[in-house]
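Take a look at the structure below.
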Amino acid sequence: MKIVFSMRHSGALRNFASTVEELARRGHRIHLIFMRPDKLGESRPLRELTRSYPTVTFAEPIDTVSRPWAPLARVIRSVGDYARYQTPAYRDAQALRDRATRHLPPSVRRILELPIVRSRAGLAVITHLLRLVERAIPADPFVVDLVRSQAPDLLLVGQEPLGEPCDAADLRGKRRDQPDFLLSHGRLSRPAAP
């Protein structure tokens, strides 16, 4: 089976190395795609896997590719994270709120801190508007082409720090950079697992 596995950076592989190794040991072909370089330069698990299993390959981080809709999509998804962490379900999740706030541009942060916007009704309106904008953003053509060129039988998308499990009803808005992998894969009518 051909598997494409997208994750935030190669450092995230430390969470999935044993799974990738077991899949390779069973004869599956795994192509790893990283959204950006690892800040710590941690590539030991990647080197070990590709050295031990020729069926494990990888692509260089894609953040160097010009992706015109990516900045807008990233801001929309960051605002969505911020709005979600303001709801009562996350009342005790101060660390998540702080992290989500740090990912916002200062001008957006000032607007979102207005009392009317932070109200329950304000957050509901913001969330609804974000979903509309998110759905209007086209799937990233680079990602669509990348998934098509790999023709995987299965696409896996690694969890991002601010994300939550992604379900079929809301593929966008849960991760800032990776929803296009799920959307493009779905267009090719292949199974995907977030």
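The values are calculated or read from the model by the stated rules, or taken from the named source; none is laboratory data. None of these values were measured; they are calculated from a predicted model. Here the Cβ is made from the backbone with ideal geometry for all residues, glycine too, and neighbour counts use every protein chain on show.
Return yes when residue 23 is in contact with a helix residue (DSSP H, G or I) (Cβ under 6 Å, 6 or more places away or on another chain) and in a helix (DSSP H, G or I) and no when it is not. Explain how you work it out, then say what you get.
Working: in contact with a helix residue (DSSP H, G or I) (Cβ under 6 Å, 6 or more places away or on another chain): no; in a helix (DSSP H, G or I): yes.
Here the answer is no, as residue 23 does not meet what is asked.
Checked against the criterion of being closer than 26 Å to residue 141 by Cβ and of a type in the set (Ser, Thr, Tyr), segment 51-65 has at least one qualifying residue. Residue under question is residue 48, and the condition is that it be farther than 23 Å from residue 155 by Cβ, acidic (Asp, Glu), at pLDDT below 90 and not assigned by TED's automatic domain parsing to the domain that holds residue 130; does it hold? Taking the combined requirement at face value, the residue does not satisfy it.
Would you point out the residue of segment 62-89, among those that are in a loop (DSSP other than H, G, I, E, B) and buried (at least 17 other Cβ atoms within 10 Å of the Cβ), that is modelled with the lowest pLDDT? Talk me through it step by step, then tell me what you get.
Let us first name the residues in segment 62-89 that are in a loop (DSSP other than H, G, I, E, B), namely 65-69, 85-87.
Retained after the next criterion (residues that are buried (at least 17 other Cβ atoms within 10 Å of the Cβ)): 67, 85-86.
On the way: 67: 70, 85: 88, 86: 87.
That would be 67.
Close Cβ contacts (under 9 Å, 6 or more residues apart or on different chains) running from residues in segment 117-145 that are in the same structural domain as residue 82 (by TED's automatic domain parsing) to residues that are among the acidic types (Asp, Glu) and part of a loop (DSSP other than H, G, I, E, B) comprise 131/170.
Please enumerate the residues belonging to segment 92-143 that are assigned to a loop (DSSP other than H, G, I, E, B) and buried (at least 16 other Cβ atoms within 10 Å of the Cβ). Explain how you work it out, then say what you get.
Step one: of segment 92-143, the residues assigned to a loop (DSSP other than H, G, I, E, B) are 92-93, 103-105, 113-114, 119, 137-140.
Correct list: 103, 104, 137, 139, 140.
Looking at segment 1-37 only, could you name the residues that are aromatic (Phe, Trp, Tyr) and without any contact (Cβ under 8 Å) to a residue 40 or more places away in the chain? Full working, then the answer.
Going residue by residue through segment 1-37, those that are aromatic (Phe, Trp, Tyr) are 5, 16, 34.
Across segment 1-37, the qualifying residue is only 34.
Does at least one position in segment 155-167 carry a residue that is more than 30 Å from residue 17 (Cα to Cα) and modelled with pLDDT of 60 or more? Checking segment 155-167: not a single residue is more than 30 Å from residue 17 (Cα to Cα) and modelled with pLDDT of 60 or more.
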